[in-house]
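The structure appears below as structure tokens.
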Amino acid sequence: MNAFERELATAIGRATGEAFVPRVTRAIRGGDVSEAFTLADGVRTFFVKTQPASWIEMFEAEAAGLAELAAANAVRVPQVICHGVAAGQAYLVLESLSLQPHGDTAQLGRQLAQQHRVGAARFGGARDNWIGATPQPNAWMDDWVEFWRARRLGFQLKLAAQNGHGGALQRDGEALMARLDGFFTGYRPAPSLLHGDLWGGNHGFLADGSPVIFDPAVYFGDRECDLAMSELFGGFAPPFYAAYREAWPLDAGYAVRRTLYNLYHILNHANLFGGGYAAQAQRTLAQLLAEIR
């Protein structure tokens with residue numbers, strides 16, 4: 001074992017109350033933000049994410065978000081074992097779950113509706129976190145439209161300007177933010193506990209078919225935000241949506257607000273990856289402005 005693995009094993013042993021001496025390390029590929037691997041001693045296996053030490057706040061926020069979702073007692077999330085810094089690297093250790101892509105999507109829909117029933121007095125969260133590798137400000141606000149204007153679209157548009165995405169994107173972005181109230185005529189969402197980054201890659205199923213969600217960007221917001229993002233990159237299976245709507249029917253106007261909410265994630269992808277996402281954001285802005293005229 002190297003120095004990092006030795007310190008990590010000590011931290012796991014301290015957190016679990018049982019000495020842990022890893023014998024097998026296996027890299028996990030596919031993450032966009034953190035390096036990941038599993039550590040196993042032949043009996044127990046743990047899932048580990050790593051970043052440079054300066055990123056420890058990202059893991060602290062993720063651990064807090066997972067704990068908040070776990071406390072909702074709705075959709076299962078991986079248990080947090082420990083997090084900290086060892087040998088110059090930040091780490092987050094979670095229980096290792098053997099996940100498969102297919103399972104009881106209807107159960108996921110029902111449980112997500114149950115999670116969304118967990119509310120708060122205001123919109124936002126107790127701490128800021130990250131959406132992918134982008135900071136996500138969550139300071140509490142009483143008004144949802146103002147929260148979405150300032151903490152979500154406005155924040156991403158400022159980043160886009162810093163990243164060289166100006167011109168029509170900024171012009172139309174400012175026009176849209178000035179008209180946001182028009183998307184909420186007769187609709188006043190209550191704060192719901194959100195996963196915050198609920199695309200298809202952030203869920204899976206255990207061997208018995210029960211769902212698991214992970215890699216959250218937790219805050220309290222309009223429940224439609226989670227549903228909207230679930231449709232952004234291919235969508236979930238139809239029983240998921242049917243079961244959710246049966247448990248908690250959607251309000252009129254969701255189809256338009258879905259586009260508004262997904263604009264946040266498209267802008268974030270433009271800021272993270274560039275390429276065609278900026279053009280997609282521009283098209284989405286034009287679509288939304290046409291809806292509100």
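The values are calculated or read from the model by the stated rules, or taken from the named source; none is laboratory data. This is a predicted model, so every value here is computed, not measured. All Cβ positions, even for glycine, are placed from backbone atoms using ideal geometry, and neighbour counts span all protein chains on display.
For residues in the range 49-64 being touching a residue at least 12 places away in the same chain (Cβ under 8 Å) and in contact with an Asp or Glu (Cβ under 9 Å, 6 or more places away or on another chain), which is nearest to PRO216 (Cα to Cα)? I'd like the intermediate steps shown before the answer.
Just the residues of the range 49-64 that are touching a residue at least 12 places away in the same chain (Cβ under 8 Å), to begin with: 49-56, 58-64.
Narrowing the set further to residues that are in contact with an Asp or Glu (Cβ under 9 Å, 6 or more places away or on another chain) leaves 49-51, 61-62.
Working: LYS49: 14, THR50: 16, GLN51: 17, ALA61: 9, GLU62: 7 Å.
Per the stated criteria, the residue is GLU62.
I'd like to verify a number: residues in the range 184-231 that are over 24 Å from GLU95 (Cβ atoms), buried (at least 16 other Cβ atoms within 10 Å of the Cβ) and at pLDDT below 95, how many?
Qualifying residue count, the range 184-231: 0.
Just checking, does the range 66-79 include any residue being assigned by TED's automatic domain parsing to the domain that holds LEU8, farther than 24 Å from GLY221 by Cβ and either modelled with pLDDT under 95 or part of a strand (DSSP E or B) (or both)? Write out each step before concluding.
At the first step, the residues of the range 66-79 found to be assigned by TED's automatic domain parsing to the domain that holds LEU8 are 66-79.
Remaining after also requiring farther than 24 Å from GLY221 by Cβ: 79.
Imposing the further condition that a residue be either modelled with pLDDT under 95 or part of a strand (DSSP E or B) (or both) reduces the set to none.
Checked against the condition, which is being assigned by TED's automatic domain parsing to the domain that holds LEU8, farther than 24 Å from GLY221 by Cβ and either modelled with pLDDT under 95 or part of a strand (DSSP E or B) (or both), the range 66-79 yields no hits at all.
Can you give me the number of residues within the range 33-65 that are in a helix (DSSP H, G or I), closer than 19 Å to LEU97 by Cβ and of a type in the set (D, E, K, R)?
Our first condition is that a residue be in a helix (DSSP H, G or I); within the range 33-65, this holds for 53-65.
Among the residues that remain, those that are also closer than 19 Å to LEU97 by Cβ are: 59, 62-63, 65.
In the following step, the residues that additionally are of a type in the set (D, E, K, R) were identified as 62.
Selection size over the range 33-65: 1.
Between a first residue in the range 1-25 that is assigned to a helix (DSSP H, G or I) and a second residue that is polar (S, T, N, Q) and surrounded by fewer than 16 Cβ atoms within 10 Å (Cβ to Cβ), which pairs have beta carbons less than 8 Å apart while being 6 or more apart in sequence or on different chains?
Final answer for the pair search is GLU5/THR25.
Would you point out which residue out of ALA15, ALA74, ALA67 is touching a helix residue (DSSP H, G or I) at 6+ places or on another chain (Cβ under 6 Å) and over 17 Å from ALA87 (Cα atoms)?
Details: ALA15 fails: touching a helix residue (DSSP H, G or I) at 6+ places or on another chain (Cβ under 6 Å); ALA67 fails: touching a helix residue (DSSP H, G or I) at 6+ places or on another chain (Cβ under 6 Å).
None of the others qualify; the one that does is ALA74.
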